[in-house]
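Notes follow once the structure below has been shown.
The values are calculated or read from the model by the stated rules, or taken from the named source; none is laboratory data. These numbers come from a predicted model, not from an experiment. Because the Cβ atoms are built from the backbone with ideal geometry, glycine has one as well, and the counts that use them run over all protein chains shown. Side chains are part of the model used for accessible areas, which takes the heavy atoms of the whole protein and leaves out ligands, DNA and RNA. Shrake-Rupley method; radii C 1.70, N 1.55, O 1.52, S 1.80 Å.
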Amino acid sequence: MEASRNWRIAATVAAYAAPMNSATPPGPDSGLSVERAQLSLGGQPILRDVSLRVARGEFVALLGPSGCGKTTLMRVVAGIQRADSGRVRIGGRDVTAAHPAERDVAMVFQSYALYPHLTVAQNIAVPLTMTRLNGLQRMPLLGGMMPGSRAARAGIQADVARGAGPLGLSHLLDRKPGQLSGGQRQRVALARAVIRAPGAFLMDEPLSNLDAALRVTTRREIVEVHRRVGAATLYVTHDQSEALTMADRIAVMQAGEILQIATPEVIYRDPVDLRVASFIGSPRINLLAAMAGESGEVRVAGHPTPLRSFARGPVTLAIRPEDWVMDAEGLPARVEHAEFLGDHTLVHLRIAEAPVVLRTGTGLRVTVGESLRLGFAPERALLFGADGRRIPAELREPARA
Amino acid sequence: MRDLPRLALLSVLGLLMLAPYIWMLSASLKPTDEIFRANLALIPERWAAIENYGRVFAQVPVARYLMNGVIVCGGILFFQLLFAIPAGYALAKLRFAGKEWIFGAVMFGLLVPPHVQALPLYVGLSSLGMLNTYTALILPSTISVFAIFLFRQFFRSLPDDLIHAARLDGMGEGAIVWRVALPNAWPAATAFAIFSVVAHWNDLFWPLIAVTGHEHATPALGVLHFRTDEAGDDFAALMAASAIMTAPLILAFLFAQRRFVEGIATTGLKG
Amino acid sequence: MPDTGILPHLDLAPVKRRRGEALGAWLLTLPAVISFVILLLLPTLAAIVMAFSDFELGVWPPAWIGLENFTELLGDRGFRQSFANTVIYVGLVAPASVGLGLAFALLIEAGTRGRAFFRAVFFLPVVSLTVAMASAWQYLLHPTIGPLNTLLRSLGVAGPAWLSSSDTVLISLAAIGVWENAGFNMVLFMAGLTAIPRELREAAAVDGARSAWSRFRLVTWPLLGPTTLFVVTITLIRSIRVFDTVAVLTRGGPNRASETLLYTMYTEGFTFLRLGYSAAITLVFLAIVLVLMLLQTRVLDKRVHYG
């Protein structure tokens, strides 16, 4: 305690000052970038001035609730949809007006979008046949007789076999997608996407159609594929655990806006916006209405806390469930309900009518109706202003008797 | 404006498709001598609409034809639904001996075009002295295996629990059909109704066989009568008659376009 | 049923229930079954029996003559002509109306503007009274006063007598047939097109299919396979049934140049009252329809199945 007396939440200040640049990606010429994309459909704004940059070799998760515009943003990058304004760059090239086929992007669709009439091998080969064979050579029957066709087809076949191997698809090459399991289909979609080493690699909720167990194992597979390909990867998901475990950086999106782009740790520990704080973390972060007095001292329902705010007036105090501690000087709370979950217990309490959750190891024993006093690790606590923006805070000088 | 070539092409094709209607209407407004002058003007120099349409109404019982059309189509549809809905329900939801046979019969019926039964039905009706009646027009079409098939497919997607619940509420199977299954089968019923009415309103083959004379003539027969009896080369009146007889269904279509298209698409795809 | 001896009344309930269910089912299907037997099954069987008899209206009793009607058909120049006409008519109408229906559907689905309008325009012939519209066509194609020939004349071409010359009558009827069927096929194709997930076409674009044509070849056409097969079959069957336009416009003429199967069957049966002979033609017609349906199911099972 002594050492952290004048402890300042330095990262918070940095994040407050420059919320969008908490980690600058290297090299503007590689990877993909979206600059100031705007899009409305039927008068409804879908993308509001969205900017995003993914460096070559970087894995960025685009995380947000459904309907926040994250899939639309990805479709704008792919060129399936056009933004009203803004630019898209891939590999240093401005591709804002380019056809999807000319953008050097590959995409894994949520439904996988495998061609049901083609075998696995043919599915994987499509991006190669489209680029390596011309229209005449692609013709059925006749195409095989065109000059150069045979050699090109042999090359494609070899590449497909090479691409299918690492994903464990070698024995499935002659099957149709309808004969595959969900996980196998997902891997075919991956193989098809990476077969021609794209400059940008887009994935739209690729795990959402898999069962829970498969989802966890496939996460690693996707990250490995990403590392092997080394492309700028943009991964759309609404599942925070996917974003937290897989991504180098997370872009949290809500209502057509990117709220924060940062590493998973920073997103979790140093959210710049109340919406980011309450979206990330399970169980949800506890929010307490608080008041910052004239000297900035933060009080919850009249009870003092060890924090001092840089702003005055009503603020929101946010504390993660695992950051509560027993503290005789803390806030009075009453136990309402406890959930035993094996390795930890969730205790539901009320602090002055506000429901809060406490996450504890198995050590703590509480009974329903019991009154406790809860403190919190002050360097972990977050303060937000009335507009939802993060307010820097510092530890109050010890006022304890 | 990338859409422009597409719209232009569609417009040209659309005009080609509409040409018969456009010329039919144009001719029905022109006096006969103007038609025989054979110019390409769509708008008549002298309007003769009242004359032409008046001639049609004066010479043939237009209202009678249209009413016959309504009676025949309505009668056919009523019995088709009356027979097909309970049967479709039983085939979809109930277990009983002989079900496979009935379903087999339905599939057999789907394969046989209605023209095949025309001769024996004609012989039968004529020996019963029932030709030239509404019965002769309606009876042969009262059974639609296609309707049975369609409703069976539709009722199969109805949750079993709904029917169990109705039984627990004390309903008999008959009550379930009309009070539970049918209210849930409106999409199928409308689709089939449109399919059936379009088919029978436009049918010429069977009415030509079953009735003679004006009394029971359907709109299709009416136009035919008008051609042979009255019109000859009087294209102005013939076009007017054609326009009158075509109008009811076209108007119905224009009012309920989506339903018509969906109805024909669903019935077309399943038939 | 478990024979435990406990609570036997519980075991009886399902039996009773099942009997009630079966009884109810029979009551519900009875009207349909009776009318099916009287109006469909027996007449069909009677038509088959009649085809092997010399049944004529007013001549009783008919005699069993075996295959005589069919051997007569083989030698009947009129029937052979009628059969050939039908084949030519179907050969013209089916490909053209399927192709045109697909073109309409693709053109309409390719954009957002004017969809409902053009769909209605192309679909109009389907809901139009064929007899009436045949009259409109007759005017349109009239050799002297018809707008088509007037237009041709103004271009310096002498148009043929479309419906009254044996050279052009089948083509003219086929044109009307295409006009009638294209909109119907369009609607079926549109239903087939909407069943193709949009994501597949998008995936094709991302995978490098740059032109609309290459996306059509990669995704739309193969996935439309079952629809196309179905549309082809149904168009074949619909166009084999051609009757209205022939009966109204040409009565098989001139000189049998436009006589088709159903029209021949109609005149033999209801004009000349040779019911046995007419029934034999009906069976030929039925056989063709059955073969087409059989082919469709065969092909469907074999080729267009995606597992």
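Name the residue, out of C:LEU223, C:LEU193, that is within 14 Å of chain A (Cβ to nearest Cβ) and of a type in the set (A, V, I, L, M, F, W, C).
Unique residue meeting the criteria: C:LEU223.
Can you find a residue that is surrounded by 21 or more Cβ atoms within 10 Å (Cβ to Cβ) and at pLDDT below 90 anywhere in the stretch C:149-160?
Among the residues of the stretch C:149-160, at least one is surrounded by 21 or more Cβ atoms within 10 Å (Cβ to Cβ) and at pLDDT below 90, which makes the answer yes.
Right, B:MET107: surrounded by fewer than 15 Cβ atoms within 10 Å (Cβ to Cβ), assigned to a loop (DSSP other than H, G, I, E, B), more than 9 Å from chain C (Cβ to nearest Cβ) and not charged (D, E, K, R) or not?
no
For the stretch B:113-129, check the following and say yes or no: at least one residue is part of a helix (DSSP H, G or I), surrounded by fewer than 16 Cβ atoms within 10 Å (Cβ to Cβ) and either more than 7 Å from chain C (Cβ to nearest Cβ) or on the phi > 0 side of the Ramachandran plot (or both).
The answer is yes, given that some residue of the stretch B:113-129 is part of a helix (DSSP H, G or I), surrounded by fewer than 16 Cβ atoms within 10 Å (Cβ to Cβ) and either more than 7 Å from chain C (Cβ to nearest Cβ) or on the phi > 0 side of the Ramachandran plot (or both).
Among the helices (runs of 4 or more DSSP H) lying completely within the stretch B:163-225, list those that include at least 3 residues that are open to solvent by 30 Å² or more (accessible area, probe 1.4 Å) and more than 10 Å from chain C (Cβ to nearest Cβ).
Here the list reads B:186-202.
Residues of the stretch C:231-246 being under 23 Å from B:ASP233 (Cα atoms), open to solvent by less than 10 Å² (accessible area, probe 1.4 Å) and not in a loop (DSSP other than H, G, I, E, B), which ones?
C:THR245, C:VAL246 - these are the residues of the stretch C:231-246 that are under 23 Å from B:ASP233 (Cα atoms), open to solvent by less than 10 Å² (accessible area, probe 1.4 Å) and not in a loop (DSSP other than H, G, I, E, B).
Does the stretch C:193-211 contain any residue that is crowded, with 23+ Cβ neighbours inside 10 Å, closer than 25 Å to B:ALA38 by Cβ and either in contact with a Lys or Arg (Cβ under 8 Å, 6 or more places away or on another chain) or aliphatic (A, V, I, L, M) (or both)?
No; the residues of the stretch C:193-211 include none that is crowded, with 23+ Cβ neighbours inside 10 Å, closer than 25 Å to B:ALA38 by Cβ and either in contact with a Lys or Arg (Cβ under 8 Å, 6 or more places away or on another chain) or aliphatic (A, V, I, L, M) (or both).
Restricting attention to the stretch B:193-251, and to residues there that are of a type in the set (D, E, K, R) and under 17 Å from B:ALA136 (Cα atoms), which single residue is farthest from the chain's Cα centre (by Cα)?
If we take residues in the stretch B:193-251 being of a type in the set (D, E, K, R) and under 17 Å from B:ALA136 (Cα atoms), then B:GLU215 is farthest from the chain's Cα centre (by Cα).
State all residues of the stretch B:249-260 that are open to solvent by 10 Å² or more (accessible area, probe 1.4 Å) and either over 29 Å from B:PHE149 (Cβ atoms) or facing chain C (nearest Cβ under 9 Å) (or both); if no residue qualifies, say none.
Listed by number, the residues that qualify are B:LEU249, B:ILE250, B:LEU251, B:ALA252, B:LEU254, B:GLN257, B:ARG258, B:PHE260.
How about the stretch A:126-166: which of its residues are farther than 19 Å from A:ALA106 by Cβ and touching a Pro at 6+ places or on another chain (Cβ under 9 Å)?
Across the stretch A:126-166, the qualifying residue is only A:GLN137.
May I ask you to list the residues in the stretch C:77-105 that are open to solvent by 40 Å² or more (accessible area, probe 1.4 Å), over 30 Å from C:PRO222 (Cβ atoms) and not aliphatic (A, V, I, L, M)?
C:ARG77, C:ARG80, C:GLN81, C:PHE83
Of A:ARG215, A:ARG185, A:ARG175, which residue is part of a helix (DSSP H, G or I), at pLDDT 90 or above and of a type in the set (Lys, Arg)?
Of the residues listed, the single one that is part of a helix (DSSP H, G or I), at pLDDT 90 or above and of a type in the set (Lys, Arg) is A:ARG185.
Please pick out the residue among C:TRP64, C:TRP60 that is farther than 30 Å from B:SER11 by Cα, surrounded by fewer than 16 Cβ atoms within 10 Å (Cβ to Cβ) and within 13 Å of another protein chain (Cβ to nearest Cβ).
C:TRP60
Tell me, please, whether a residue that is among the basic types (Lys, Arg), open to solvent by 80 Å² or more (accessible area, probe 1.4 Å) and free of Cβ contacts under 8 Å to residues at least 24 places away in the same chain can be found in the stretch A:154-165.
So far as the stretch A:154-165 goes, yes, one or more of its residues are among the basic types (Lys, Arg), open to solvent by 80 Å² or more (accessible area, probe 1.4 Å) and free of Cβ contacts under 8 Å to residues at least 24 places away in the same chain.
Only residues in the stretch A:195-217 that are on the phi > 0 side of the Ramachandran plot count as the first member; pair them with residues that are not in a loop (DSSP other than H, G, I, E, B), Cβ under 7 angstrom, at least 6 apart or cross-chain, and list the lot.
A:ALA197/A:VAL229; A:GLU205/A:VAL236; A:GLU205/A:THR237
Given the options A:LEU136, A:LEU114, name the one that is open to solvent by 10 Å² or more (accessible area, probe 1.4 Å), among the aliphatic types (A, V, I, L, M) and within 25 Å of C:PRO226 (Cα to Cα).
Going through A:LEU136, A:LEU114 in turn, just one is open to solvent by 10 Å² or more (accessible area, probe 1.4 Å), among the aliphatic types (A, V, I, L, M) and within 25 Å of C:PRO226 (Cα to Cα): A:LEU114.
Considering (1) over 24 Å from B:ALA181 (Cα atoms); (2) among the charged types (D, E, K, R); (3) modelled with pLDDT of 85 or more, say which one B:LYS99 fails and leave the rest.
So B:LYS99 meets the others, but not (1).
State all residues of the stretch B:121-152 that are among the aromatic types (Phe, Trp, Tyr) and touching a Leu at 6+ places or on another chain (Cβ under 8 Å); if no residue qualifies, say none.
B:TYR122, B:PHE146, B:PHE149
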